[in-house]
Amino acid sequence: MRQYSKLLLALALAVTFALSSSVAAEDMTIVSTVSASKGAPRTSTQYFTDTKVRTADGSADTIYDTVAGKMVFIDHNKKVYWETSLEEIAGAFAELRTLLEQNPILEKMLPGDAEVTVTKTGQSREIAGYACNEYVVAMGQTFVFRLWSAPGLRVSAQANQARKAFYATMGPMAGRIEKLIDKMQEVEGFPLETHFKTKIMGMDFETNSVATEVRLGPVPANAFDPPTGYKQKKSPYARK
């Protein structure tokens, strides 16, 4: 159950990659305060360039290289990191996906298979110095996002592909999450505040992320390097 909560929190943060930009944009760094149903609030920092994205919260980092198709996951508590690729993840989940396709009963047991709706409420407010519009994105009652998105902020189309790398790690849930995030294309701009709420398998989960600072301009190249002194471990998606 604890791992499931971590997955839901990661999903809530990853929704910020669901942008509708097809043009190049300036490099950007966003600092946010993130709070969940349990645990103390923490600071999350996201770095965006035209080809790379990194999210960091002091405990765990994720780095996406969209050109190399590589992902790096960092555990600061254990001082380890590991690398994987979309191809490796796809291979790891291929057998499970086949099993689900052959068993409709198991397929229906997965949460979140309702129609996805996107509603622009007409409300607006300022966050971190940017005018934002409110949207509600919902997949039935399973996943509900309330977003405040800044139309004046966008990331590159390449950085937007980082979201695809993320939901590929969700295995059998990937298709459902892909449908949800694809609808995020209807949200104009970049979300600076995200409220996520879900109830699955009798568990209520809620998280909030609010940007406190937006910095436009070059991101240092070493911002995408794994920490020195950390041990590299084998990818959990690697073939045995």
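The values are calculated or read from the model by the stated rules, or taken from the named source; none is laboratory data. No experiment lies behind these values; they were computed from the predicted model shown. Cβ: placed from backbone, ideal geometry, glycine included. Neighbour counts: every protein chain shown.
Below, the figures for the structure above:
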| read-out | value |
| --- | --- |
| Enumeration of residues in segment 52-89 that are within 18 Å of residue 32 (Cβ to Cβ) and basic (Lys, Arg) | 54 |
| Single condition residue 19 does not satisfy, out of (1) modelled with pLDDT of 85 or more; (2) crowded, with 18+ Cβ neighbours inside 10 Å | (1) |
| Selected residue (only one of 197, 233 is closer than 24 Å to residue 63 by Cβ and either surrounded by fewer than 14 Cβ atoms within 10 Å (Cβ to Cβ) or not small (Gly, Ala, Ser) (or both)) | 233 |
| Failed item in (1) loosely packed, with under 14 Cβ neighbours inside 10 Å; (2) at pLDDT 55 or above, with residue 157 passing the rest | (1) |
| Test: residue in segment 220-235 that is closer than 30 Å to residue 118 by Cβ, part of a loop (DSSP other than H, G, I, E, B) and in contact (Cβ under 8 Å) with a residue 12 or more places away in the chain | no |
| Search result, residues across segment 99-126 that are at pLDDT 85 or above and over 20 Å from the mean Cα position of the chain (by Cα) | 119, 120, 121, 122, 123, 124, 125, 126 |
| Some residue of segment 171-179 being in a helix (DSSP H, G or I), in contact with a strand residue (DSSP E or B) (Cβ under 8 Å, 6 or more places away or on another chain), modelled with pLDDT under 70 and not aliphatic (A, V, I, L, M) | yes |
| Selection count where residues are in a strand (DSSP E or B) and on the phi > 0 side of the Ramachandran plot, scope segment 111-145 | 1 |
| Residue match in segment 207-215 (condition: among the basic types (Lys, Arg) and surrounded by fewer than 12 Cβ atoms within 10 Å (Cβ to Cβ)) | no |
